[in-house]
Amino acid sequence: MPFPRSSGILLHPTSFPSRFGIGDLGLEAYRFIDFLKDSHQQYWQVLPLGPTGYGNSPYMCYSAMAGNPLLISPEKLLEEGLLSEEDFANLPGFPVEKVDFEQVVPIKIGLLKKACDKFRTNATPIQQKEFAGFCDSKAYWLDNYALFMALKDANENANWHAWKPEFVKRDPQALEQAQHRLNGDIYYYKFVQFEFFRQWSELKSYANMRGINIIGDIPIYVSHDSADVWAHPNIFCLDEETGAAAQMAGVPPDYFSATGQLWGNPVYNWEELQKQDFKWWVQRFEAMLDYVDIIRIDHFRGFEAYWAVPQGEQTAINGKWVEAPGDAFFEVIRQKLGKLPVLAEDLGVITPGVEALRDKYEFPGMKILQFAFSADSTNPFLPFNYRHNAVVYTGTHDNDTTIGWFNTAEDNEKQNLLLYLGSISPDGIHWDLIRLALSSIANQAIIPLQDILGLGNEARMNFPSIA
């Protein structure tokens with residue numbers, strides 16, 4: 001749907017300051033929303049908020065619908081009476097500039113387990129009723145997720161396709177026995193989700209009251225080692241014998257990598273999904289719209305055609321394009337959920353078919369100013385080539401910061417940029433590009449906080465194709 005002219009900031013909650021070594025949904029998140037309100041912004045764009053697996057990337061999560069327990073605020077748990085100040089007495093000195101996940105995870109999980117134990121023994125009847133209601137309302141994904149995580153713990157965190165055959169194949173009797181045996185762990189994983197969504201829901205309500213809408217993020221693919229693939233193997237392209245990904249997702253060689261990007265996620269069995277009226281995807285959109293206002297679809301072009309790389313390949317070079325039923329898919333989504341507040345990440349190899357799919361459903365595409373100055377005057381990322389129904393960024397989480405980019409840009413890019421701007425202002429190149437974004441005709445402009453702060457390469461969030 002076309003959006004009114006508006007702007008906002010891109011920042012993942014992990015980036016907030018915190019005495020627990022990682023940003024969370026506590027006081028600093030509320031202060032950030034106040035800052036957005038005072039700065040006359042309308043949007044806060046987050047990256048995915050799911051429980052991260054190996055490598056800690058929010059684009060490789062153990063679930064497409066669960067929340068990341070590391071984002072739960074221990075101070076909020078203190079307010080609930082589930083933790084005490086004594087529990088925070090011996091916190092280590094965490095790094096200020098980066099998240100040290102190896103240091104953070106055991107501290108944070110230890111606090112969550114303490115809170116869970118206290119909740120299980122001391123929860124009031126009202127709290128117990130709220131918890132039971134949450135578990136019932138989210139059962140369509142929560143039951144599989146909690147059992148999956150409990151089984152991962154029992155199998156020393158091994159990938160699910162390395163578990164015993166009865167669990168790989170989801171034998172009903174074996175699963176029932178596991179649910180009884182692992183009851184305490186399953187309860188913990190459900191409690192953590194209950195707390196995450198309670199804290200997130202309160203934060204989102206506060207943002208909405210202050211006039212701030214939240215832009216969430218749906219990665220098109222899910223991690224192979226996830227509850228979704230384990231619980232719904234028939235909707236993914238898997239090796240029937242081993243459970244490994246038979247066809248892996250990625251993109252061909254591009255701006256970011258000469259060998260393409262091999263992500264390793266299994267691609268979808270779209271034929272089977274279509275037979276099911278895209279039920280799993282409909283549930284995924286419903287789950288997202290429960291806790292964000294607008295959805296950014298990552299790798300939107302994969303709904304029109306996707307790059308499939310055969311099992312065993314080490315790079316993405318030998319993949320091929322395979323058509324996807326994007327039009328049928330979005331028609332079903334629109335029928336079931338109405339006109340969708342969606343932004344389309346339409347970067348990369350974009351064909352007329354991808355553009356037609358995007359435009360049919362009136363999804364705004366993305367414009368990145370860092371891509372604008374390396375080519376000629378027909379470059380679609382140059383502001384005078386924009387259309388209104390678009391969202392412009394100085395850069396995204398996948399790009400360097402503006403200062404980092406400018407310091408390493410090719411001479412011809414710098415020359416083209418200077419020709420376009422006339423000169424660099426005393427405020428710095430980052431403010432020049434912010435002004436350029438805000439003064440373009442694009443209906444929406446989103447600026448990474450790193451660029452507002454004028455930070456360099458040291459503050460870059462992600463390096464695509466590098467683990």
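The values are calculated or read from the model by the stated rules, or taken from the named source; none is laboratory data. All of these numbers come straight from a predicted model, not from anything done at the bench. All Cβ positions, even for glycine, are placed from backbone atoms using ideal geometry, and neighbour counts span all protein chains on display. Accessible surface is based on the protein model in full, side chains and every heavy atom, while ligands, DNA and RNA are left aside. Shrake-Rupley method; radii C 1.70, N 1.55, O 1.52, S 1.80 Å.
Considering only region 63-81, I want to know if a residue exists there that is in a loop (DSSP other than H, G, I, E, B), crowded, with 16+ Cβ neighbours inside 10 Å and of a type in the set (Lys, Arg).
No, the conditions are met nowhere in region 63-81.
Output yes when any residue across region 231-242 is open to solvent by 20 Å² or more (accessible area, probe 1.4 Å) and either in contact with a Cys (Cβ under 6 Å, 6 or more places away or on another chain) or basic (Lys, Arg) (or both), and no when none is.
Within region 231-242, none of the residues are open to solvent by 20 Å² or more (accessible area, probe 1.4 Å) and either in contact with a Cys (Cβ under 6 Å, 6 or more places away or on another chain) or basic (Lys, Arg) (or both).
Filter region 15-30 for residues that are closer than 20 Å to ASP293 by Cα and assigned to a helix (DSSP H, G or I) and give the result.
ALA29, TYR30
So which strands (runs of 3 or more DSSP E) are wholly in region 179-275 and hold at least 2 residues that are closer than 30 Å to ALA445 by Cα and at pLDDT 95 or above?
It comes to 213-218.
So which of ILE403, ILE466 ends up being hydrophobic (A, V, I, L, M, F, W, C), without any contact (Cβ under 8 Å) to a residue 60 or more places away in the chain, exposed (fewer than 14 other Cβ atoms within 10 Å of the Cβ) and farther than 22 Å from THR378 by Cα?
ILE466
With the requirement that a residue be farther than 16 Å from LEU77 by Cβ and either buried (at least 19 other Cβ atoms within 10 Å of the Cβ) or in contact (Cβ under 8 Å) with a residue 12 or more places away in the chain (or both), what does region 191-207 give you?
Matches in region 191-207: LYS204, TYR206, ALA207.
Are any residues in region 429-446 without any contact (Cβ under 8 Å) to a residue 60 or more places away in the chain and open to solvent by less than 20 Å² (accessible area, probe 1.4 Å), and if so, which ones?
Result: ILE429, ASP432, ILE434.
Listed here are the residues, each with its yes/no results for (1) buried (at least 17 other Cβ atoms within 10 Å of the Cβ); (2) of a type in the set (Ser, Thr, Tyr); (3) in a strand (DSSP E or B).
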{"site": "VAL282", "(1), (2), (3)": "yes, no, no"}
{"site": "PHE285", "(1), (2), (3)": "yes, no, no"}
{"site": "LEU289", "(1), (2), (3)": "no, no, no"}
{"site": "ILE295", "(1), (2), (3)": "yes, no, yes"}
{"site": "TRP307", "(1), (2), (3)": "yes, no, yes"}
{"site": "VAL322", "(1), (2), (3)": "no, no, yes"}
{"site": "ALA328", "(1), (2), (3)": "no, no, no"}
{"site": "LEU347", "(1), (2), (3)": "yes, no, no"}
{"site": "ILE350", "(1), (2), (3)": "no, no, no"}
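Filter the helices (runs of 4 or more DSSP H) completely within region 389-447 down to those with at least 3 residues that are among the aliphatic types (A, V, I, L, M) and more than 25 Å from PRO464 (Cβ to Cβ).
411-421
Scan region 95-132 residue by residue and report those that are open to solvent by 40 Å² or more (accessible area, probe 1.4 Å) and of a type in the set (Gly, Ala, Ser).
Hit for region 95-132 is ALA132, nothing else.
Can you tell me which of (1) in a loop (DSSP other than H, G, I, E, B); (2) in contact (Cβ under 8 Å) with a residue 40 or more places away in the chain; (3) among the aromatic types (Phe, Trp, Tyr) is the one PHE381 doesn't meet?
(2)
Can you pull out every residue in region 432-453 that is farther than 26 Å from ALA344 by Cβ and more than 27 Å from the chain's Cα centre (by Cα)?
Answer for region 432-453, where residues must be farther than 26 Å from ALA344 by Cβ and more than 27 Å from the chain's Cα centre (by Cα): just ASP432.
If I ask for residues that are more than 14 Å from TRP263 (Cβ to Cβ), within 21 Å of the chain's Cα centre (by Cα) and among the acidic types (Asp, Glu), which ones from region 212-247 would you list?
If the condition is that a residue be more than 14 Å from TRP263 (Cβ to Cβ), within 21 Å of the chain's Cα centre (by Cα) and among the acidic types (Asp, Glu), then ASP217, ASP228 are the ones that fit.
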